[in-house]
Amino acid sequence: MPELPEVESTVRRIKPELTGKILRKITVDWTNMAPGMNIDKVSRACKGACVEDVLRRGKYIIISVVGSDEERHIILHQKMSGRLKVYHKSSSRTVYDHVILEFDDGAELRLTDPRKFGRIYVVPHYEEALNSLGPEPLSKSFTQQQLSRILKKRKGAMKALLLNQSFIAGLGNIYVDEILWRAGIHPLRSAHEVTEQEVTALHRHIKEVLRAAIKAHGTDFGDGVIYGGAYRPAVYGRDGEDCLKCSRKLLKLKVAGRGTHICAFCQS
DNA sequence: CAAACTCCCTGTTAGC
DNA sequence: TGCTAACAGGGAGTTT
């Protein structure tokens, strides 16, 4: 569930809490969450390294640490059910705390994830590890011309394309539904059939929705504690309720294997 | 190459 | 009411 706005909020929250701290240990109690890694070996190699920066790329969180020998990047992904928060070691852990970064001063970054879908990678260069990601939608370089060019080359459904991280990085189910509703584009529309006028609206709403959601600290998933964001989606989770534009009933369908919320009148 | 499908997981929900 | 089965969902990997 955490998408770009939630991940951005997480990064902004934990960055000041972690910067300057000395890494002591990394533990992972479910090996699939650290694929292809010898976590004990990596933990020993990272011991004593200092957190220099915390940043976001798509839905990934990158913690850059500098040790005596080299620079490393700890990459985390929350997938659907992962929650990331800094605790003090004196607070009790839960059975869902599968990835833990311990620091010298007693602080602990815990990835709490009941479904074990979350991931941790430790790599020398994060750009290389994440090079299959598409552009950052909020960057200046993500232009309408660029968007238009890619859409023309694709015949698949708009929703599937917007969810594809190698196309644009950071969009997920909630915000894609929101963006398509605002732009008046049906999720099943073939990408290359979208008109230039619609591309203009799409480009604008991608930026507007993401900016508004970040400002609200994301969407509240009923989590309460971590994602208490105030963003209120207009279509996601509102099937059966009234469309905020035309007052007709919102529908739910399945597109690209995802629950999809639309207004059949406003989107075509 | 694009696009569709499979798998990983378990809390939640639907169905009996 | 209580149990079981189906489902959701991001993204990597695989197949068409």
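The values are calculated or read from the model by the stated rules, or taken from the named source; none is laboratory data. What you see is a predicted model, and the numbers here were worked out from it, not measured in a lab. FYI the Cβ positions are ideal-geometry reconstructions off the backbone, even for glycines, and counts take in every protein chain you see. Heads up: the accessible areas ignore ligands, DNA and RNA and are worked out on the full protein's heavy atoms, side chains in. Shrake-Rupley method; radii C 1.70, N 1.55, O 1.52, S 1.80 Å.
Could you list, in sequence order, all residues of segment A:28-56 that are over 11 Å from A:LEU76 (Cβ atoms), within 16 Å of DNA strand C (Cβ to nearest atom) and of a type outside the set (Phe, Trp, Tyr)?
Result: A:THR31, A:ASN32, A:PRO35, A:GLY36, A:MET37, A:LEU55.
Give me the residue from segment A:46-59 that is open to solvent by 40 Å² or more (accessible area, probe 1.4 Å) and without any contact (Cβ under 8 Å) to a residue 40 or more places away in the chain and, out of that set, farthest from A:ASP104 (Cα to Cα).
A:ASP53
If a residue counts only when it is of a type in the set (Phe, Trp, Tyr) and within 23 Å of A:LYS79 (Cβ to Cβ), which helices (runs of 4 or more DSSP H) contained entirely in segment A:109-221 have at least 1 such residues? Explain how you work it out, then say what you get.
Values: elements: A:126-129, A:144-152, A:158-163, A:173-183, A:196-215.
Here the list reads A:126-129, A:173-183.
Report the residue count in segment A:235-263 for those that are away from DNA strand B (no atom under 16 Å from the Cβ), touching a residue at least 12 places away in the same chain (Cβ under 8 Å) and in a loop (DSSP other than H, G, I, E, B).
Qualifying residue count, segment A:235-263: 7.
Do the conditions hold for A:SER68, that is, is it modelled with pLDDT under 95 and within 15 Å of DNA strand C (Cβ to nearest atom)?
Numbers: modelled with pLDDT under 95: yes; within 15 Å of DNA strand C (Cβ to nearest atom): no.
The answer is no for A:SER68.
The conditions are (1) within 15 Å of DNA strand C (Cβ to nearest atom); (2) touching a Gly at 6+ places or on another chain (Cβ under 8 Å), and A:SER90 fails exactly one of them. Which is it?
Among (1) within 15 Å of DNA strand C (Cβ to nearest atom); (2) touching a Gly at 6+ places or on another chain (Cβ under 8 Å), the lone unmet condition for A:SER90 is (1).
Which of the residues that make up segment A:99-124 are open to solvent by less than 10 Å² (accessible area, probe 1.4 Å) and within 19 Å of the chain's Cα centre (by Cα)?
Of everything in segment A:99-124, those that are open to solvent by less than 10 Å² (accessible area, probe 1.4 Å) and within 19 Å of the chain's Cα centre (by Cα) turn out to be A:VAL99, A:LEU109, A:ARG110, A:LEU111, A:ASP113, A:GLY118, A:ILE120.
Name, by its number, the condition in (1) more than 16 Å from DNA strand B (Cβ to nearest atom); (2) more than 23 Å from A:SER139 (Cα to Cα) that does not hold for A:SER81.
(1)
Considering only segment A:137-158, state which residues are away from DNA strand B (no atom under 15 Å from the Cβ), open to solvent by 30 Å² or more (accessible area, probe 1.4 Å) and either touching a Lys or Arg at 6+ places or on another chain (Cβ under 7 Å) or of a type in the set (Val, Ile, Thr) (or both).
Matches in segment A:137-158: A:LEU138, A:THR143.
Of all residues in segment A:1-28, which are at pLDDT 95 or above and within 16 Å of DNA strand B (Cβ to nearest atom)?
Answer for segment A:1-28, where residues must be at pLDDT 95 or above and within 16 Å of DNA strand B (Cβ to nearest atom): just A:VAL28.
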